[in-house]
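A short write-up of the structure that comes next.
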Amino acid sequence: MGLPRGHLRPFSTAAVRLRRPPSGSISHEVKDNKEWQQELEQHIARGQLALARQVFDRIPAPDARAYNALIRAYSWRGPFHAAIDLYRSMLYFRVPPNKYTFPFVLKACSALADLCAGRTIHAHAAAVGLHTDLFVSTALIDLYIRCARFGPAANVFAKMPMRDVVAWNAMLAGYANHGMYHHAIAHLLDMQDRGGLRPNASTLVSLLPLLAQHGALFQGTSVHAYCLRAYLDQNEEQVLIGTALLDMYAKCKHLVYACRVFHGMTVRNEVTWSALIGGFVLCDRMTEAFNLFKDMLVEGMCFLSATSVASALRVCASLADLRMGTQLHALLAKSGIHADLTAGNSLLSMYAKAGLINEATMLFDEIAIKDTISYGALLSGYVQNGKAEEAFLVFKKMQACNVQPDIATMVSLIPACSHLAALQHGRCSHGSVIIRGLALETSICNSLIDMYAKCGRIDLSRQVFDKMPARDIVSWNTMIAGYGIHGLGKEATTLFLSMKNQGFEPDDVTFICLIAACSHSGLVTEGKHWFDTMTHKYGILPRMEHYICMVDLLARGGFLDEAYQFIQSMPLKADVRVWGALLGACRIHKNIDLGKQVSRMIQKLGPEGTGNFVLLSNIFSAAGRFDEAAEVRIIQKVKGFKKSPGCSWIEINGSLHAFVGGDQSHPCSPDIYHELDNILIDIKKLGYQADTSFVLQDLEEEEKEKALLYHSEKLAIAFGVLSLNEDKTIFVTKNLRVCGDCHTAIKYMTLVRNRTIIVRDANRFHHFKNGQCSCGDFW
DNA sequence: TTAGGGTTAG
């Protein structure tokens, strides 16, 4: 036959080594081809592929039928290379392949995603006029789609003289697997209109995950109705269809329907359970998700798999239930599943989210072949645990190991720059996403907006925002929040209005960002207006976070009594964060009586954080009541709470320099302290007086003045003055709020050293210039 | 048919 010379590589001699003496249960008799064929097929039917191969090798002159039987067996479960090798040997011995050969050898190519071999075999089939055969064409479509070649797949489909539902399904599965929603829907309609075919169970099993991915609940419900009408949910594929429907409802966050499908199923498998558990996790109903997981275990241990445990581990991470998480870890180890990559990554992520970053690192080291997700889980673990520099090291290691970062990796990495307030690192990460072609991805832009805002470049945030091809609600919220931390309440409001004009519905987070922006800008009336708008116009039920913002807004604006009344009128029981916001304002406005009252309320709730002890102690100190301040600190110590030390840092030429109060560890310390002493002399000439009420200990006035002078933010600024040219802005970040005395002193520093100074503290940005601060002393 | 890392607020 006239097969064209293809590009298949020459087969190995091993592949054509024939006629070995028989062994084992192989017959020694002389047989005709029909008898050999029977023996061959018997072994194949029993799954004895090695014996089948021995029989095949005994056949003196195997015909196409013998070749096809073995190729089909190999293409079913592998080894797939053996199927292709056998096809090559068929060509070598000039046994013409037929319409029963091509579909199976193509299936093997598809399993190996071997496009090169597949194309050659396509050419062979075309040469003998078999390329438009129904089964050959379907196998070709499968192959091309597996290799993401939609054009050739569509060409093959178009040339088919007749198509059955399997052929239509092959194309549909391709569109669906690649998330091509519109192509898939158009193809489905075409199948019914032009093809005159009704979708079968396979059609819908391909289609439903796509609908789930796109949250297409309406279409999904129509599919459900179709299943019921066509009795598709009652055949032997009930588990597949039922699970796909359940998953679609779960991903569309319609758990009532998902549960209804689940309870209506008479047969369930591990996937069914995993899909439902995943749905509850998606809807943040963690306790119910975990109960379902336990029910699943009760129903049968055979359901335990890496996938179902992955959801359960996510629940443990979210509920911070480490005890249960470690039990699951043990369960996985006992079942031998812990070596699975999914399971390993899930465990690693659980420990990282629980703050046990060392355990997470150990697990990471134990994973033999790490993928992008393993690196991503560890990297985000470091970022979430405040170890931004370690996160960069993981990123470097990832690149060294040739594991490609993807969108999620970069979205995890970019906030590390925000945490360090390291603009240089941030710009490098921006460059990195540009090189990778990811710079216009919505989630990437969102983290860039946030990063630039937190690194003091709100102008660059806005540039990224303006250039985005598609924005989501997070984009708008992040930009509004960015304006908020820069004290640009008016800009935040303007952006909110244009968001509405562009047809975006604000969500609960939008209002948190907006009210916080008003709070940081002293726009008390506007903030109150937006809170009312949120509840009355948008029907958003305020969460504790909204109340915190409102108390902060009122109290910081000086309306301490109104804030107190507001807390009393809350429908929720105010938690420590709400009272903490009021206590913080009592400190700023030096209202000791209310501060004491509030601190009593906090004590009733039980101390849940260290910040409140510090605040209360500060209030007493500010009033000169040092004994009581000391008492609060003793209680704090006895109860085992540690105050995080105030720390400031500054980036000079891409390197970070960190300082704590009174720090002398920096190599330039003598120069820094000398410069600070000179600055103190100069600013005193302009009228600066140290506000010693900010000193927490009972010291002599002069000592108090020194204690203030060496606050971490002042040390960092002095280092900035020494290291940067006059035209450069000094940008300092502080982990706590900037102290009141420093705030005053920095204003004077801008005058005596002719500098622009930006301090990003735990709360907001302070732009100091010409003796003024952008916050208008409202911090 | 399921599943593992990611962006906003307080």
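The values are calculated or read from the model by the stated rules, or taken from the named source; none is laboratory data. Just so it is clear, the structure is predicted and the values come from calculations on it, not from any experiment. All Cβ positions, glycine included, derive from the backbone under ideal geometry; neighbour counts span all protein chains shown. These area figures cover heavy atoms from the full protein model, side chains too; ligands, DNA and RNA do not enter into them. Shrake-Rupley method; radii C 1.70, N 1.55, O 1.52, S 1.80 Å.
Numerical summary
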item: Qualifying residues in region A:380-408 (those that are open to solvent by 70 Å² or more (accessible area, probe 1.4 Å) and under 16 Å from A:S432 (Cβ atoms)) - the one nearest to the chain's Cα centre (by Cα); result: A:Q404
item: Residues (among the basic types (K, R) and within 16 Å of DNA strand B (Cβ to nearest atom)) located in region A:143-184; result: A:R146
item: Positions within region A:155-200 being open to solvent by 80 Å² or more (accessible area, probe 1.4 Å), outside any helix (DSSP H, G or I) and within 22 Å of A:A212 (Cα to Cα), in sequence order; result: A:H178, A:R198
item: Hits in region A:495-539 - residues which are among the β-branched types (V, I, T), open to solvent by 50 Å² or more (accessible area, probe 1.4 Å) and in contact with a helix residue (DSSP H, G or I) (Cβ under 7 Å, 6 or more places away or on another chain); result: A:V509
item: Any hit, region A:410-427, residues being without any contact (Cβ under 8 Å) to a residue 24 or more places away in the chain, within 26 Å of A:S648 (Cα to Cα) and not polar (S, T, N, Q); result: yes
item: Pair list, Cβ under 6 Å, 6 or more apart: region A:504-515 residue of a type in the set (V, I, T), other residue within 9 Å of DNA strand B (Cβ to nearest atom) and part of a helix (DSSP H, G or I); result: A:V509/A:N477; A:T510/A:N477; A:I512/A:E545; A:I512/A:C549; A:I515/A:C549
item: Checklist (1) open to solvent by 60 Å² or more (accessible area, probe 1.4 Å); (2) closer than 30 Å to A:E299 by Cα; (3) more than 10 Å from DNA strand B (Cβ to nearest atom); (4) over 26 Å from the mean Cα position of the chain (by Cα) applied to A:H254, failing item; result: (4)
item: Selection count, region A:734-760, where residues are open to solvent by 10 Å² or more (accessible area, probe 1.4 Å), within 16 Å of DNA strand B (Cβ to nearest atom), in contact with a strand residue (DSSP E or B) (Cβ under 7 Å, 6 or more places away or on another chain) and part of a loop (DSSP other than H, G, I, E, B); result: 1
item: Subset of region A:720-739 (residues that are at pLDDT 85 or above, within 14 Å of A:I758 (Cβ to Cβ) and among the charged types (D, E, K, R)); result: A:K728
item: Region A:257-274: number of residues that are within 13 Å of DNA strand B (Cβ to nearest atom) and more than 33 Å from the chain's Cα centre (by Cα); result: 1
item: Restricting region A:277-304 to residues that are among the hydrophobic types (A, V, I, L, M, F, W, C) and within 9 Å of DNA strand B (Cβ to nearest atom), the residue that is farthest from A:G325 (Cα to Cα); result: A:L282
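Yes/no matrix, rows are residues, columns are (1) open to solvent by less than 60 Å² (accessible area, probe 1.4 Å); (2) more than 18 Å from A:A289 (Cα to Cα); (3) more than 10 Å from DNA strand B (Cβ to nearest atom):
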{"site": "A:A306", "(1), (2), (3)": "yes, no, no"}
{"site": "A:A310", "(1), (2), (3)": "yes, no, no"}
{"site": "A:L313", "(1), (2), (3)": "yes, no, no"}
{"site": "A:L319", "(1), (2), (3)": "no, no, yes"}
{"site": "A:L322", "(1), (2), (3)": "yes, no, yes"}
{"site": "A:G325", "(1), (2), (3)": "yes, no, yes"}
{"site": "A:H329", "(1), (2), (3)": "yes, no, yes"}
{"site": "A:A333", "(1), (2), (3)": "yes, yes, yes"}
{"site": "A:A339", "(1), (2), (3)": "no, yes, yes"}
